[in-house]
There are 2 protein chains.
Amino acid sequence: MSNSKLYKGSLTTIILKLLNESDKMYGYEITQKVKELTKGELKITEGALYPALHKLEAEGLLEVEVKKVDNRLRKYYRLTENGEKETVNKLNELANYISTMQNLVSPKLSLE
Amino acid sequence: MSNSKLYKGSLTTIILKLLNESDKMYGYEITQKVKELTKGELKITEGALYPALHKLEAEGLLEVEVKKVDNRLRKYYRLTENGEKETVNKLNELANYISTMQNLVSPKLSLE
DNA sequence: AAATAATACATAAGAATCTTATACATAAGA
DNA sequence: TCTTATGTATAAGATTCTTATGTATTATTT
């Protein structure tokens with residue numbers, strides 16, 4: 001995803017949030033969207049993406065619709081009801097993470 | 001560390017930053033400090049911490065000083081010169097990560 | 001006095017997530 | 001024609017963490 005290890009664990013959050021905005025998306029589209037939105041900072045590899053999508057589907061957070069476009073296969077994913085709930089959870093977790101980490105690394109206001 | 005998977009990959013950054021502030025610390029002290037600073041949000045387990053410290057030492061980012069206090073062993077860690085440089089890198093990576101993720105998940109300002 | 005919690009370190013098996021490599025297939029561009 | 005782009009998929013290996021276990025001393029509680 002990036003040379004930084006911090007992105008480890010973030011992929012699910014990213015997928016859910018993008019699907020929450022875009023209604024339905026297919027895998028390759030997600031990789032391109034992320035590359036575009038982050039101006040190349042973050043590149044989702046297929047080896048990470050597809051297993052993640054399959055897992056989310058298996059967990060009932062995503063549902064699939066297969067389409068053939070230009071004689072090529074596309075698997076469109078969209079959030080299920082549980083998927084929408086989980087999106088809220090994941091976004092809260094991200095906000096918490098950011099807050100906690102900022103608190104940990106920001107120079108403390110010293111009272112001495 | 002937490003029920004949230006987002007913390008995966010953050011431990012090194014946390015350790016380096018704490019040592020950057022506190023000059024020298026020992027492992028158990030780090031776990032307590034993190035618990036205190038995050039008000040219990042984040043608990044560093046020994047199974048994660050000690051291997052991480054050993055790895056940082058092996059990489060030459062930390063150096064160790066063993067002391068006996070109250071007949072109990074303490075291994076004080078402090079940043080080496082390279083460790084200080086790497087701390088800067090890690091903090092930049094964190095700032096980048098936060099910025100990128102906020103950009104990804106924040107509702108976009110639509111121009112349409 | 002005895003049991004438990006706290007302090008202090010360590011490692012090993014397994015889970016989870018990602019990288020890297022490979023595979024297949026079609027369409028578009030050089 | 002060869003490479004790049006589009007599109008999905010999996011498998012081996014690396015990395016990081018969880019959970020469990022082990023050892024040892026000191027402090028606290030029962």
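The values are calculated or read from the model by the stated rules, or taken from the named source; none is laboratory data. Computed from a predicted structure; not experimentally measured. Here the Cβ positions follow ideal geometry from the backbone for every residue, glycine too, while neighbour counts run over all protein chains shown. The area values use the complete protein model at the heavy-atom level, side chains included, leaving out ligands, DNA and RNA. Shrake-Rupley method; radii C 1.70, N 1.55, O 1.52, S 1.80 Å.
Here are some notes:
- Accessible area in square angstrom per residue, the protein assembly as shown, 1.4 angstrom probe: 59
- Computed 3J(HN,Hα) for the stretch A:8-16, one whole-Hz value per residue from the Karplus formula 6.51 cos²θ - 1.76 cosθ + 1.60 where θ = phi - 60°, is 4, x, 9, 4, 4, 4, 5, 4, 4, glycine and proline marked x.
- Cα-centred dipole magnitude for chain B, charges only on beta-carbon of K, R (+1) and D, E (-1), debye, nearest 20: 380
- Its alpha carbons considered, the stretch B:5-104 gives a radius of gyration followed by a Dmax of 14.1, 52 Å.
- The convex hull around the C-alpha trace of the protein assembly as shown, projected and averaged over every direction, spans 16.1 square nanometres.
- Aspartates and glutamates whose Cα lies under 18 Å from that of B:K8, excluding same-chain neighbours fewer than 8 positions away: A:E93, B:E41, B:E46, B:E93
- In this structure, the residue pairs whose Cα-Cα separation is over 32 Å, taken from A:K24/B:K5; A:K55/B:K17; A:K43/B:K17; B:K5/B:K67, are A:K55/B:K17; B:K5/B:K67.
- Note on A:K68: aspartates and glutamates with a C-alpha under 16 Å away, same-chain residues under 8 apart excluded, are A:E29.
- A Cβ-based charge dipole, computed about the Cα centre of the protein assembly as shown with Lys and Arg at +1 and Asp and Glu at -1, lands at about 280 debye.
- Our coupling estimate for the stretch A:47-55, obtained by passing each phi through the Karplus curve with A = 6.51, B = -1.76, C = 1.60 and θ = phi - 60°, is x, 8, 5, 5, x, 5, 5, 4, 5 Hz, Gly and Pro reported as x.
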